[in-house]
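Undergrad: Structure in structure tokens, see below.
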Amino acid sequence: MALVEFTCNPLRPPVEGHLAMMRTFLLWLSEQQGVFNFLRRNSLARRFASRFVAGETSETATAAALDLKRLGITTSLDLLGESVTRDAEAIGARDEYLRMLDRLAASGAEINVSVKLTQMGFDIDEALCVDNMRRILTKARELGGFVRLDMEGSAYTQRTLDFFERHLLAEFSKHTGVVIQSCLRRSADDVTRLIGMGARVRLCTAAYHESQGVAFPDKQDVDRQYVALMEQLLRHGNYPALATHDTRMIEHARDFVTREGIPAERFEFQMLYGVRRDLQERLRKDGFNMRVYIPFGTQWYPYLMRRLAERPANIVFIFGNVVRETLALKP
Ligand code: FDA
């Protein structure tokens, strides 16, 4: 209904034009290291960022996970940073993940993390990446935890799935899973194959700009494929994770599982930290498993800018909150 009204609105072209310009500007800003260096020293900017990023350390991220646990919401922690180019950076990130797993176990928070292969040295040396990931998985298995391989741009899709299948699936099947993006044309085949292997899949739309050759250019097709893959995973998948904030997708999933008699414990919804907190709590209260992806770390700036580019209205919303909280704190 809202869509029809919007389509008929004569103001739509200029509004959309401004939004597109704002998005492009925010994405450009996300790549400006100088701006980040300036903002990182600014306490107001750090408070602004804290809406979407749970601080710079695994202590602050674990505290956020424990807060959500009190609401019955599970979590997955993500150390921000990707595409490292030096061995030492990959090993540093691996060690941070190993410490994080221990910290989660000691704190009583859920032991669940998300990892990007390019942060573990995928582009430097595959053997290094295998070693890093196997150490993380071995520790996670010892602690009864779970490690999700995030999916990066389409240049990595086949490599990531091969890596998962060759190096992790057989030995760590209960402790690891992958991500499939509904924007990619290939994803229907990938989902069928992953279901056949009994692999755990998180389904999302995609956070990366892709060419028309590999991805559907039209959002309607991306959504149509999301629905089809979601239904297939709900029927035949191994505890699928539906990662979306789109209420139409969520309503569809709810109707579908009711119609098909699929119990709520057979799947989970997933959302990003700070996005649609109202909806996260409502789904949990309605009896669904709800997991929140908690990013943290010093590399928060590009992540924050991408979230703002997805929904520029958040700038006003968060800025309003920060000002209100700052005024309330004044003696
Ligand atoms: P969509 O963009 O379709 O918007 C639908 C509605 O959601 C909006 O109208 C608004 O109400 C709300 N919304 C969306 N973004 C918002 C925001 N920033 N602030 C406030 N409201 C917002 N991608 C990827 O390529 N690889 C991966 O591994 C992952 N992993 C991942 C894990 C989890 C837990 C989530 C939730 C998402 C990912 N993603 C991802 C990102 C995903 O592909 C996608 O970019 C975002 O989820 C946005 O798409 P949606 O379908 O959620 O909302």
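Undergrad: Using square roots of five times the C-alpha gyration tensor eigenvalues, list the equivalent-ellipsoid semi-axes of the range 195-293 in whole Å, biggest first.
TA: Semi-axes, largest first: 22, 17, 13 Å.
Undergrad: Here is a further query. Straight-line reach from Lys69: which lysines have a Cα under 21 Å away, not including same-chain ones fewer than 8 places off?
TA: Lys285
Undergrad: Starting from the Cα of Lys116, draw a straight line to each of the aspartates and glutamates and keep only those under 12 Å, dropping any in the same chain fewer than 8 residues away.
TA: Result set, ordered by chain and number: Asp78, Glu82, Asp150, Glu152.
Undergrad: Now for a separate question. Say the dipole of the chain comes from +1 at the beta carbon of Lys and Arg and -1 at that of Asp and Glu; which of Gly121, Ser173, Ala93 then lies farthest toward its positive end?
TA: The one lying farthest along the dipole's positive direction is Ala93.
Undergrad: Relative to the compact-globule scaling 2.2 N^0.38 Å, provide the ratio for the alpha-carbon radius of gyration of the chain.
TA: That ratio works out to 1.00.
Undergrad: Something else about it: Rounded to the nearest 0.05, what FRET efficiency do Arg311 and Val214 have when you use their Cβ-Cβ distance and R0 = 25 Å?
TA: My answer for the efficiency is 0.50.
Undergrad: Can you work out the FRET efficiency for the pair Met197 and Arg224, with r the C-beta to C-beta distance and R0 = 22 Å, to the nearest 0.05?
TA: Once rounded, the FRET efficiency stands at 0.30.
Undergrad: Could you compute the longest span of the chain free of trypsin sites (Lys or Arg not before Pro) located in DSSP loops and having at most 11 other Cβ atoms within 10 Å, not counting the site residues?
TA: Maximal segment without exposed cleavage sites: 87-331.
Undergrad: Now, a different point. Are there DSSP H segments in the chain that both extend 24 Å or more along their axis (alpha-carbon positions) and score a mean Kyte-Doolittle hydropathy of at least -0.5? List them, or say none.
TA: 12-29, 87-107, 126-143, 313-329
Undergrad: Label Leu98 and Ala264 with points 7 Å out from Cα along Cα→Cβ: what is the distance between them in nm?
TA: 4.0
Undergrad: Starting from the amide H of Leu272, placed 1.01 Å from N in the peptide plane, find each other amide H under 5 Å away whose residue is 5 or more places distant or on another chain.
TA: Hits under the 5 Å cutoff: Tyr293.
Undergrad: Given the DSSP H assignment, sum -39500 (n - 2.57) over each helix run of at least 4 residues in the chain and divide by its residue total; what's the result at 222 nm in deg cm²/dmol, nearest 500?
TA: Helices in the chain give a 222 nm mean residue ellipticity of -17000 deg cm²/dmol.
Undergrad: Give the percent of DSSP beta bridges with both residues in the range 177-251 that are antiparallel, rounded to the nearest 5.
TA: About 10 percent, rounded to the nearest 5.
Undergrad: Using DSSP, restrict attention to beta bridges with both residues in the chain and report what percent are antiparallel, rounded to the nearest 5.
TA: Percentage antiparallel, nearest 5: 5.
Undergrad: Also, quick follow-up: Once the principal axes of the Cα atoms of the range 14-104 are found, what is the range along each, listed largest first in whole angstroms?
TA: Reported extents, whole Å, longest axis first: 50, 39, 24.
Undergrad: Excluding residues fewer than 8 places away in the same chain, name every one of the lysines whose C-alpha is closer than 17 Å to that of Lys174.
TA: Of all the lysines, those that pass the test against Lys174 - Cα under 17 Å, at least 8 places apart if same chain - are Lys139.
Values in this text are rule-based calculations from the coordinates and carry no lab data. In this text, all values refer to a predicted model and were calculated from it rather than measured experimentally. With ideal geometry, Cβ positions are generated from the backbone for all residues, glycine too; neighbour counts draw on all protein chains shown.
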